[in-house]
Every structure is written in structure tokens, then in C-alpha cells.
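**Q** Below are the C-alpha cells for one structure; questions will follow.
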Amino acid sequence: MSSLQIRVGLLLVLMLEGCAVRSPYDEVSDPLEPVNRAVYKFNDSFDRYLLKPVARRYQEYVPAPARTGVRNFFANANVPVTAVNNLLQWKPGQAVSDVMRFSFNTVFGVAGLMDVATDWGLEKHNEDFGQTFAVWGFGEGWYLVLPFLGPSTVRDTAGLPPEVPLNTVARYTEYPLQAGLGGLFLVSKRAELLSASKVLETAALDEYLQLRAAYRQRRWYDIHDGDPPEPDFFDEELFETDEELPGK
């Protein structure tokens, strides 16, 4: 058995460890917390001393229309990933819309720098392989913190490799242009999150736990296409009574 087969098998075992799809209100599986915290500290130092200062300069000196163009370009490059995952989740209507959106923005939006498709009624969707695995019934597995990439789970990490050949930037560019565009993408995304990081830094007693909870909640929201089921914190039968409550 090859090493690749062993790794794939291990990932499947870890994903099936919690076969039912956990909600963010269920207890998290984080057996690697000491390692995750170490990686989190590394990422935090990288962000604090390099990425965040560059993102601030980017936001200060690059005009807003240019920053919007950069965001549009990278969003358009990832539309094929969304289209394929819409098909895998059996959403053919959204998949067709995504293909049209990618075509129109690439041709009429100058390689995606302008988002003309939204104005033409083609809604933007966000799907990835991690969401698809969840729809298929795979549990999130262990919580992970990846170097440079940040919060993840075994399920979401397993979904990263299939995305590479579908992303047009990764597929049709070569090093060093690919590395340069990757750096620009990181700076652009970090600039979008500058205000959010201020809230995290000032409000969180334990930033690691806060970020872990926020990540799981966001992924739950994504998996359910923005309409997750309400959390069931208690058994309603325990509160059923024929007696009127005081004051009623």
C-alpha cells in the first residue's frame, strides 16, 4: 500500500470519527489542541509582524477601486470550484448560473476584474469540497490549525487538494507569478479582515477558543447555505405543563 493510500485512508477514518455532521453547539473534537495552539501562535506572530502591517499599507495606499478589482479577480478565479461543488451537491441550477457568471465576468469583466454578472442577475454562490463532504454526511473530524491558512478541520483540509486544479490562478499560472499572486491574495484577504481582528483582539479572553468557535459556526452557516437549523438546547417536553406560570 502506497503512502498516499495510507494518508487518504487515515483522513477518511478521521472524517468518519464523527459520522454525524456536528453542529457548532456540540462539543468540539480537538485532541491536538497543544499542537494547534503552537501553530496558532506561529500564525499570530506571522500576522502581527508581517501580514497585518503590509495589509494596512495596502489598504492605505491602494485605491478602493483597485482593491475591489483584486477581490473580484480572485473571486472569479474560484468560481469553477463553486460550480463543480454545486453539481456534487446536486444543485444543477446554481452550477449553470456559476458557469455563466464565470464566462461573463471573464470575458466582459476583463478577466474578472469587474463583476458584471451580479448586475445581470447572476447571484454569487460559495461552495467548496469541505461543504460537499458535509452534505454527503462526513463528520468534521478533528479541529486543526494549519500553518499560514489558519482554522480548519480534517474534513475541510481533505477538501483543499481537489480545489487546486479547478482554481484558474493555480492552474494557468507558473512560479514565480503564482507565488506573487498568492501573496497578493493573502494581503487582499487580510485587508478585508482588519476591522474584524480588532474586535477579536479586544473582546476575546482566549483568542484561540474564540476563533475556534467562530470558525465552526461560520462553516455550519456555509454548509446550510445561510439557513442553519435552530439549535436545540433543551428538551421541550421537560417544560410542558398544564399549570399557568406565575404572573399570567
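**Q** Can you give the FRET efficiency for A213 and T173, using 1/(1 + (r/R0)^6), R0 = 41 Å, r = Cβ-Cβ distance, to the nearest 0.05?
**A** The formula returns an efficiency of 0.70 here.
**Q** Determine the gain in length on full extension of the stretch L186-E123; use 0.36 nm per residue of separation and subtract their C-alpha separation, reporting nm with one decimal.
**A** 20.2 nm is the gain from fully extending L186 to E123.
**Q** Here's a follow-up. Name the residues whose placed amide hydrogens come within less than 5 Å of the amide hydrogen of H125, ignoring near sequence neighbours (fewer than 5 apart) on the same chain.
**A** Here the answer is none, since no amide H 5 or more places off falls under 5 Å of that of H125.
**Q** Based on the mean of other beta carbon atoms within 10 Å per residue, what is the order of 72-82, 143-153, most packed first?
**A** 72-82, 143-153
**Q** Treating the beta-carbon of each Lys and Arg as +1 and of each Asp and Glu as -1, no other charges, what is the dipole magnitude of the range 127-192 about its Cα centre, to the nearest 20 debye?
**A** Approximately 140 debye in magnitude.
**Q** Treat each spin label as a single point 7 Å out from the Cα along the C-beta direction, and report the Y221 to K41 distance in nm.
**A** Taking the simple label geometry, Y221 and K41 are separated by 3.1 nm.
**Q** If you don't mind, another one. Please list, ordered by chain and number, the residues whose modelled amide H lies under 5 Å from the amide H of L144; skip anything fewer than 5 residues away on the same chain.
**A** When sequence neighbours closer than 5 places are left aside, the close amide H contacts are S152, T153, V154.
Laboratory data are not the source of any read-out in this text; all were calculated from the coordinates shown. Here the structure is a predicted model, which is why all the values come from computation and not from measurement. So basically every Cβ, Gly included, is an ideal-geometry build from the backbone, and we count neighbours across all protein chains shown.
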